[in-house]
Amino acid sequence: MSGIILSKYQGLGNDYLILDARKNQMQLVGKKIALMCRRGFGLGADGVLYGPVEINGKLGVRIFNSDGSESAISGNGVRIFAKYLIDQGYVTGSKFDVETLAGTIHVETLNARATEFCVNMGKASFISREIPVTGEIREVVNETFTFGDKEYKATCLTIGNPHCIIFTDQISPEAVKELGPLVENADEFPNRMNLQLCHLIDKGNIDIEIWERGSGYTRASGTGSCAAAMAAYKLGLVESRVNINQPGGMIQIDIREDGTLYMTGTVGYIADMTIAEGFFS
């Protein structure tokens, strides 16, 4: 296993290891990914981006959570991977597409250094069967759920991955860490669930705290930002442009008239790292 080289990038403190499929030969198994992502014992990351790989005959990326499970989409992950493609010369030009298991993502870099990107994240769905949420087929909007022994008003939707949005007067890392595991593993959510605890500041600003399925407490989330903005928009709380403020920084979400979501945020390159011989043994 010696000679495996990974790059590390971050989007608002949401950090990913990039395992370049063209430069490395490594059998991707969940246990190895989880070992690499462990903080203190491994390289430390919220997940692994594996690519470039071919998805539907096009340039794509596979996205893995820090526990080794695979995710269809990650907003920060796509922005990070887009910067990596530019840094490595795999793509030229400011506009290009990245394939994911959730579909084609349209990406545009907004500056010459390729540190800021606008990503077309497609449209959200509130329909229970598509998220999924158990029970009759319906839009899951401002619905009462019981997590632990408390009732919460929640709105659920999918942006290629499932999100539960709960608005509350106060949010904190401690609160989302306590509630997050209960929501992630609730019986109503057969594919597990991401949680955003949200505090509405005004019609253009929302503060959020994030619990990500398969990764736990997270400083920032692109799809989580999209979900929080879209849920607030659905509930009539915000205008069509929303700043989502999270511990790692701010992501701007624009909601077009047809419901298409555009996400704008920054990305930073951290380092290249070589895995020690015997690390996996």
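No value in this document is a laboratory result; all are computed from the given coordinates. Predicted model, so just to flag it, every value in this text is computed and none were measured. Note that we place each Cβ from the backbone using ideal geometry, even for glycine, and neighbour counts take in every protein chain shown.
Brief remarks follow.
- Residue-averaged [θ]222 nm for the chain, counting only DSSP H segments that reach four residues, each worth -39500 (n - 2.57): -5000 deg cm²/dmol
- Taking label points 7 Å from Cα along the Cα-to-Cβ direction, LYS58 and ASP87 give a separation of 2.4 nm.
- Given +1 at the Cβ of Lys and Arg, -1 at the Cβ of Asp and Glu and no other charges, the dipole of region 125-258 around its Cα centre is 240 debye to the nearest 20.
- Contour excess over end-to-end distance, with Cα ends at ASP272 and ASP258 and 0.36 nm allotted per residue: 1.0 nm
- When only the Cβ of Lys, Arg, Asp and Glu is charged (+1, +1, -1, -1), the dipole of the chain relative to its Cα centre reaches about 700 debye.
- Which listed pairs, of LYS58/LYS234; LYS8/LYS58; LYS95/LYS234; LYS32/LYS123, have C-alpha distances above 28 Å, in listed order: LYS58/LYS234; LYS95/LYS234; LYS32/LYS123
- By other beta-carbon atoms within 10 Å, ranking PHE81, PHE41, PHE117 with the fewest at the front produces PHE41, PHE117, PHE81.
- Cross-link reach list, lysines versus LYS150, counting only Cα pairs under 23 Å and skipping chain neighbours closer than eight places: LYS177
- The chain: most fluctuating residue of ASP97, ASP87, ASP207 per GNM, C-alpha cutoff 10 Å: ASP87
- Packing rank of 175-185, 159-169, where each peptide gets the mean count of other beta carbons within 10 Å, highest leading: 159-169, 175-185
- Cα-based equivalent ellipsoid of the chain: semi-axis lengths in Å, sorted from largest, via gyration tensor: 30, 22, 17
- Pair-distance distribution of region 1-131: all C-alpha pairs, bin width 10 Å, starting at 0; shares per bin in whole percent are 12, 44, 33, 10, 1.
- Candidates ASN243, ASN56, ASN205: whichever shows maximal mean-square fluctuation once the chain is modelled as a Gaussian network with Cα springs under 10 Å: ASN56
- GNM remark for the chain: springs join alpha carbons under 10 Å apart, and the peak mean-square fluctuation among GLU174, GLU99, GLU257 falls on GLU257.
- Leading residue at positive end of dipole, the chain (Cβ point charges), from TYR269, LEU12, ASN185: TYR269
- Hull volume per residue, based on the alpha-carbon atoms of region 18-58 and their convex hull, is 80 Å³.
- When DSSP beta bridges are restricted to pairs lying wholly in the chain, around 85% turn out antiparallel.
- Fully extended contour minus Cα-Cα distance, from ASP202 to ASP187, at 0.36 nm per residue: 2.1 nm
- Value in Å of the Kirkwood radius, where region 1-74 supplies the Cα pairs that are averaged: 12.4 Å
- Over all projection directions, the Cα-based convex hull of region 125-258 averages an area of 7.3 nm².
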